[in-house]
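*Asks:* Below are the structure tokens for one structure; questions will follow.
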Amino acid sequence: MLGVFDVGLHLERHYEVKTDNDDPRGSKRRFKTWYTDAVYMANVNKLALSSTSRDIRFWDVSTNLYFEEFQIFALTDVPTCLDYWYDKKSPSSKSLLVFGDDMGSIHLFYFSKPQNSLFAQQFTNAEGVKKIWMQDLPHHSRFLRHVVLSNVHTEMLRKVKYLPDNDFILSSSGSSTTSLVMLDVQGKKKTYTFKMSKGVECFDYNKHLNIIATGNVDHYVRLWNPYVTEKPVAILRGHQMAVADIVIHEELEMVYSYCKDAIVKVWDIKEHTCLQTVTIKFPCIQNARMPEFGPFSLHLQPMPVNSLIVCCGDYISSLKMGKAEPKKTKQATTHATQLCCALYNSHFKQVVTGADDSSIAVWDIDTGSKNHVLSNAHGDEEITCMAFDSGLRRLISGARNGSIKVWNFQNGHNIHQCEAVAEAEVTGIVSFREKRSMLSVGWSRKIVVYDDTDGDNAFIKADISWRGGQVHKDDILSVDYCSPNLLATASFDGEIIVWSVETEKMFKRLRRGQPSKMTRKLKQALSHLEGGSRPATGSSTQGSRPLSRFSSMNSRPNSRHRQQHKPPKGFTAPVDKLLFLQHRVTQGQTDSAVLISSEAGYLHFWSVYGSQQDMGFFYASDCKDEEESVLALCTNKDNSVLISGDTKGYIYIWNIEQYCIQPAEETKRERPPLLCSWRAHEKAVVSVDYIIYDEQSFILSASTDQTARLWTLKGHFVGTFGQDDKWILKNPSTWQHPRTPWGYADEGGVVASIVVPDIVENGMKSDAENLPNNSEGNEKDDSSMSSSSPIQKEDTTKHPVTKFNGRRQSPDRISSPSLSPRDERPISADIKRIQIQSAPNLVNGTENRNGSGNSQRAKFFTNDEYSWRSKRSVTFANFGQPRRSIHMKSLLGHRVEEDIARRTYSRQERRHKFGDVDMTLTSRFGKICSPFQALATPQTEEVRFPYNLPMTPRMVSRGLTITTESELNEFALTPPPGTPEEKKEPYLLLPTIPGSR
């Protein structure tokens with residue numbers, strides 16, 4: 001059986017691995033098939049299984065339905081262990097499958113074109129598993145090369161591992177002469193052989209730590225230098241049974257060993273000591289019985305799962321790992337060059353990004369991990385736009401040279417190639433479900449239709465016979481489609497036209513373009529501002545691309561490459577983006593604005609059906625000189641929220657639920673309510689997408705700073721696609737928040753800010769909590785963010801803003817005057833800080849104001865732990881996860897300063913409470929310790945005991961009652977002399993009252 005589990009070890013589905021039951025020599029098989037090993041081939045989404053039937057099976061796991069695709073049978077020997085390697089930087093290049101057999105040999109399968117095919121497939125109508133006889137492998141030489149390293153070991157191989165850095169293979173066996181062998185595949189370098197009396201059961205290798213860890217049946221764990229075979233670096237003793245498996249954790253610098261009594265030990269590599277012992281009580285473990293262990297029963301799952309998987313018999317256990325101290329690395333990037341857009345596919349739960357280096361990457365949104373990359377999708381040309389087809393199963397991409405391609409983005413197969421009408425940039429692509437066709441616009445100034453009815457047609461011809469005619473006189477920069485019948489196009493000269501898709505006729509012209517002479521002058525002015533050329537693909541330091549390579553249509557930079565976005569005076573601004581408000585059209589709101597256009601930073605709201613067309617506009621950036629533009633727009637399903645991204649790198653969320661709903665006498669110029677804004681990128685935001693994932697709302701953004709990032713509606717940073725640490729989208733603790741892409745909020749990074757009508761500190765209500773259609777489970781209500789908004793046009797009469805050290809801050813963020821400006825930092829969104837000032841020195845109830853004694857100091861504390869726990873003491877999660885603390889710069893160090901501040905505050909608090917105590921009274925009776933006020937009491941009063949004072953029944957029967965203090969003094973506390981010991985009665989013992997007679 002082949003089982004598929006989720007990260008919580010819940011069985012999602014299982015498949016039966018069928019074997020050939022027909023035996024020509026009898027009705028039953030002679031032996032039962034056991035599967036010896038399995039390895040995942042990540043670049044081709046396949047799973048390789050080896051079995052005792054002398055075969056290797058290849059399962060396709062690229063979709064939700066797994067199936068067996070290939071089978072190599074009739075191997076010379078039984079494969080016992082597998083390993084697979086491919087170049088992660090170039091997944092389509094050569095890969096290697098290594099397996100060892102029971103006769104001590106090592107086999108190498110070199111796949112030359114793994115993403116195209118592993119084997120040569122013959123054209124046949126036969127369905128099912130394609131079986132390949134081992135002797136027929138030479139017929140597959142076009143895709144596969146087989147190499148055998150014979151007799152490396154004298155016994156069966158236990159484990160094999162390929163070392164790509166030096167092209168070595170590391171293998172182990174139970175032989176005492178060839179226990180562990182590290183040999184060169186080419187046979188040109190020295191072979192290193194490690195000898196142990198009882199062989200090696202398991203091993204693991206780490207290049208960066210330069211260490212090999214081995215486990216043996218002699219209960220020992222040994223650490224080796226890979227190039228010193230005579231003696232191990234250390235021998236770790238502690239197990240009581242044979243070591244079944246072993247793994248190395250590079251970040252924590254630890255070794256995890258697992259023995260056959262289901263005990264896991266954690267060893268420190270540098271100190272050679274045991275840090276922790278974990279006993280796992282599997283139900284299959286019984287007294288006097290040895291449980292069954294597979295050959296590879298220990299697996300280290302890295303971040304974001306960050307757990308150790310342990311197997312025993314039919315059971316699987318997961319041990320949560322501790323977190324290593326994060327390493328300071330450079331800022332993560334999604335692509336090596338500028339991005340053109342990022343799209344979310346809700347069907348496959350994946351994100352697709354395109355870049356100027358003609359690469360397309362597919363990412364898993366749940367973890368942020370990269371699935372695969374399509375390199376050189378359009379040769380050397382930039383990808384300028386992308387779109388999914390109506391069924392969300394194919395990807396359509398357009399390039400700067402006018403080429404358009406249709407992809408199966410799951411496996412990188414190019415399905416169709418569309419005819420280019422001109423060597424001009426493609427700026428927009430639309431797919432129609434009803435008509436089964438595609439439409440493209442661009443700098444060719446034409447609306448082009450491609451017939452997509454024939455799925456087997458590899459080349460699709462262009463149809464430029466648009467019935468409404470090619471009306472646009474200038475480059476078409478944007479297009480948007482409103483189902484079922486509206487299409488809007490906008491050009492560089494400012495013209496906006498709405499078309500009927502059914503008739504292909506013009507439905508309404510919202511604005512005419514400026515004269516062609518003015519347009520030519522504007523292009524010349526923009527080209528002059530850009531220096532006559534545009535940066536070449538990649539970094540701007542790589543030189544400029546010559547204009548002669550392109551036609552005159554591509555002689556100016558596109559919108560995202562422009563450095564200047566404000567047109568000269570007297571010129572109409574180009575239309576950078578169009579967005580239909582689909583929900584308003586569906587609800588029949590004919591009088592309201594249903595189309596938004598972005599023009600040099602201004603967002604115009606247009607009514608298509610009403611008499612008043614231009615219903616309102618506002619500037620949607622924070623630039624005082626209005627030099628920025630808005631290139632990215634999106635909205636949620638009911639059009640209550642508008643999300644925009646400007647060329648300065650900011651993202652804004654606007655509440656447009658009631659904006660331009662009804663026509664007015666004058667065009668509306670006021671802004672809609674701003675719900676949230678934050679700095680998302682260092683450069684222009686080129687696309688934003690509103691995402692609903694597991695009933696939570698997120699924002700996907702892409703920028704020319706080579707990154708695509710994921711955010712929440714409150715501006716909480718989930719992560720960058722391409723970063724090392726993966727996330728689990730359902731688990732907010734794995735997100736980057738409260739960090740920003742530039743570090744923590746108090747390390748100079750720009751914090752997401754929420755513009756609210758009231759102070760948001762100290763738990764005040766924030767408008768971000770009232771985002772329309774924001775699911776309740778989006779995030780837990782964290783502490784409010786700092787309120788330094790990039791918007792400078794908000795009314796500040798109710799909330800005065802104080803300038804401090806050249807930075808705009810709200811009054812509740814100004815620290816104590818005793819702090820230097822260098823130490824003033826904004827308060828982080830998730831770490832509550834307490835500002836502690838020294839209490840006044842009190843002596844005999846008076847305040848010392850002359851400065852004598854301890855000087856007043858102000859320090860910031862966190863209510864978290866004071867420092868990271870040492871990473872060597874963090875193993876499994878039962879140690880407690882380390883919490884973040886913000887280290888402050890000081891001469892004595894962070895911990896010393898905190899300890900001094902804590903002691904100073906506690907002492908001053910005691911002086912404040914007990915400053916009026918006479919010190920002479922505290923030692924009135926020598927070393928006797930008693931409360932201060934009791935010692936200073938001048939007299940006492942008579943105490944009258946209640947009548948219902950508890951007494952034993954025997955004392956009551958004898959008439960012993962005590963109601964006053966005098967009776968208590970006269971009461972005999974010792975028995976009368978001569979009383980027999982056995983007749984002693986119990987007497988009442990009461991404590992002496994201070995000051996009583």
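The values are calculated or read from the model by the stated rules, or taken from the named source; none is laboratory data. Predicted model only: the values in this text are computed from it and were never measured. So basically every Cβ, Gly included, is an ideal-geometry build from the backbone, and we count neighbours across all protein chains shown. Note: accessible area is taken over every heavy atom of the protein model, side chains too, but ligands, DNA and RNA are not part of it. Shrake-Rupley method; radii C 1.70, N 1.55, O 1.52, S 1.80 Å.
*Asks:* In the stretch 173-204, what residues are open to solvent by less than 10 Å² (accessible area, probe 1.4 Å) and either modelled with pLDDT under 90 or among the β-branched types (Val, Ile, Thr) (or both)?
*Replies:* The answer is Val181, Val200.
*Asks:* Oh, and also: Can you find, within the stretch 692-719, the residue that is modelled with the highest pLDDT among those that are in contact with a Ser or Thr (Cβ under 7 Å, 6 or more places away or on another chain) and surrounded by fewer than 19 Cβ atoms within 10 Å (Cβ to Cβ)?
*Replies:* The extreme case among them is Gln696.
*Asks:* If I filter the stretch 318-342 down to residues being at pLDDT 90 or above and of a type in the set (S, T, N, Q), which single residue comes out as surrounded by the fewest Cβ atoms within 10 Å (Cβ to Cβ)?
*Replies:* Taking the candidates together, the pick is Thr333.
*Asks:* If I ask for residues that are assigned to a strand (DSSP E or B) and within 19 Å of Trp85 (Cα to Cα), which ones from the stretch 158-180 would you list?
*Replies:* Arg158, Lys159, Val160, Lys161, Tyr162, Leu163, Phe168, Ile169, Leu170, Ser171, Ser172
*Asks:* Now for a different question. Count, please, the residues in the stretch 124-163 that happen to be among the aliphatic types (A, V, I, L, M) and in contact (Cβ under 8 Å) with a residue 60 or more places away in the chain.
*Replies:* So the count comes out to 7.
*Asks:* Ok, one more. Quickly run through the stretch 461-478 and pick out the residues that are crowded, with 22+ Cβ neighbours inside 10 Å and closer than 16 Å to Val430 by Cβ.
*Replies:* Those that are crowded, with 22+ Cβ neighbours inside 10 Å and closer than 16 Å to Val430 by Cβ: Ile476, Leu477, Ser478.
*Asks:* Does the stretch 479-499 hold any residues that are within 37 Å of the chain's Cα centre (by Cα), under 22 Å from Ala424 (Cα atoms) and open to solvent by less than 10 Å² (accessible area, probe 1.4 Å), and which are they?
*Replies:* Listed by number, the residues that qualify are Leu487, Ala488, Thr489, Ala490.
Residues checked against (1) closer than 30 Å to Met506 by Cβ; (2) among the aromatic types (Phe, Trp, Tyr); (3) in contact with an Asp or Glu (Cβ under 8 Å, 6 or more places away or on another chain):
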| residue | (1), (2), (3) |
| --- | --- |
| Gln613 | yes, no, no |
| Val630 | yes, no, yes |
| Lys648 | no, no, yes |
| Asp689 | yes, no, no |
| Val718 | no, no, no |
| Lys726 | no, no, no |
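*Asks:* Given the criteria buried (at least 18 other Cβ atoms within 10 Å of the Cβ), closer than 27 Å to Lys730 by Cα and not acidic (Asp, Glu), does Thr353 qualify?
*Replies:* Yes, satisfied.
*Asks:* On the given criteria, is Gly513 touching a strand residue (DSSP E or B) at 6+ places or on another chain (Cβ under 8 Å), modelled with pLDDT under 90 and either more than 23 Å from Cys634 (Cα to Cα) or buried (at least 16 other Cβ atoms within 10 Å of the Cβ) (or both)?
*Replies:* The answer is yes for Gly513.
*Asks:* If a residue has to be under 23 Å from Lys32 (Cβ atoms) and open to solvent by 50 Å² or more (accessible area, probe 1.4 Å) to count, how many in the stretch 49-69 make the cut?
*Replies:* Qualifying residue count, the stretch 49-69: 1.
*Asks:* Looking at (1) under 20 Å from Lys648 (Cβ atoms); (2) modelled with pLDDT under 80; (3) open to solvent by less than 50 Å² (accessible area, probe 1.4 Å); (4) not polar (S, T, N, Q), which is the one condition that is false for Leu522?
*Replies:* Against the list (1) under 20 Å from Lys648 (Cβ atoms); (2) modelled with pLDDT under 80; (3) open to solvent by less than 50 Å² (accessible area, probe 1.4 Å); (4) not polar (S, T, N, Q), Leu522 comes up short only on (1).
*Asks:* Something else about it: Scan (1) surrounded by fewer than 16 Cβ atoms within 10 Å (Cβ to Cβ); (2) out of contact with any strand residue (DSSP E or B) (no Cβ under 6 Å at 6 or more places or on another chain) for the single condition Leu75 breaks and write down its number.
*Replies:* Just one mismatch for Leu75, condition (1).
*Asks:* I've got another one for you. Before we move on, is Val448 open to solvent by less than 30 Å² (accessible area, probe 1.4 Å) and over 35 Å from the mean Cα position of the chain (by Cα)?
*Replies:* Spelling it out, Val448 is indeed open to solvent by less than 30 Å² (accessible area, probe 1.4 Å) and over 35 Å from the mean Cα position of the chain (by Cα).
*Asks:* Next question. Does at least one position in the stretch 92-101 carry a residue that is aliphatic (A, V, I, L, M), at pLDDT 90 or above, surrounded by fewer than 18 Cβ atoms within 10 Å (Cβ to Cβ) and part of a strand (DSSP E or B)?
*Replies:* Checking the stretch 92-101: not a single residue is aliphatic (A, V, I, L, M), at pLDDT 90 or above, surrounded by fewer than 18 Cβ atoms within 10 Å (Cβ to Cβ) and part of a strand (DSSP E or B).
*Asks:* Select, from Asn457, Asn345, Asn371, Asn401, the only residue that is open to solvent by 10 Å² or more (accessible area, probe 1.4 Å) and within 26 Å of Gln723 (Cα to Cα).
*Replies:* Answer to the check: Asn371.
*Asks:* In the stretch 393-411, what residues are among the aliphatic types (A, V, I, L, M) and either without any contact (Cβ under 8 Å) to a residue 12 or more places away in the chain or closer than 17 Å to Ser437 by Cβ (or both)?
*Replies:* Residues satisfying the conditions are Leu395, Ile396, Ile404, Val406.
*Asks:* Would you please name the residue that is most open to solvent (accessible area, probe 1.4 Å), looking only at residues in the stretch 666-691 that are under 24 Å from Met615 (Cβ atoms) and assigned to a strand (DSSP E or B)?
*Replies:* My answer is Lys668.
*Asks:* For residues in the stretch 276-291 being over 16 Å from Ile309 (Cα atoms) and either at pLDDT 75 or above or basic (Lys, Arg) (or both), which is least open to solvent (accessible area, probe 1.4 Å)?
*Replies:* Selected residue: Gln276.
*Asks:* While we're on this one: Looking at the structure I just gave you, is Phe109 touching a residue at least 12 places away in the same chain (Cβ under 8 Å), part of a loop (DSSP other than H, G, I, E, B), over 30 Å from Pro232 (Cα atoms) and within 42 Å of the chain's Cα centre (by Cα)?
*Replies:* no
*Asks:* Here is a follow-up. Output the residues belonging to the stretch 640-663 that are over 22 Å from Gly428 (Cα atoms) and assigned to a loop (DSSP other than H, G, I, E, B).
*Replies:* Within the stretch 640-663, Ser640, Lys648, Gly649, Ile656, Glu657, Gln658, Tyr659, Cys660, Ile661, Gln662, Pro663 meet the criteria.
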